[in-house]
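Notes for the one structure printed next.
Where a number appears in this text, it was derived from the coordinates with a stated rule and is not lab data. Being a predicted model, the structure only gives us computed values, none of them experimental.
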Amino acid sequence: MGHIMNDLNAILAPGMFVKHPDQPDWGVGQVQSNAGGKITVNFPDQGKLVFDGARIALVPVFDH
């Protein structure tokens with residue numbers, strides 16, 4: 001299962017928008033970087049957060 005999350009997170013590029021699957025109240029964040037399996041996302045109220053791409057599958061938002 002882990003490699004599937006990695007494959008999905010691999011498409012996330014700086015400038016793209018995402019949601020956290022377990023934190024819907026965070027709203028939509030913007031990807032700042034995606035390197036070495038670590039994805040940095042800037043959420044409006046939470047600020048910049050770093051996620052382990054192997055542990056969390058962020059959800060791309062294409063209609064933001």
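Measuring nothing but how far apart in sequence close Cα pairs (under 8 Å, 6+ apart) lie, relative to its length, the chain scores a relative contact order of 36 percent.
Under 5 Å from the amide H of Gly53 lie the amide H atoms of Lys38, Ile39, each residue being 5 or more positions distant or on a separate chain, with H modelled from the backbone and absent for Pro and chain starts.
Helices in the chain, meaning DSSP H runs of at least 4 residues, each add -39500 (n - 2.57). Divided by all residues, the mean residue ellipticity at 222 nm is -3500 deg cm²/dmol. Straightening the chain between Val61 and Gln46 buys 3.6 nm, computed as 0.36 nm per residue apart minus the Cα-Cα spacing.
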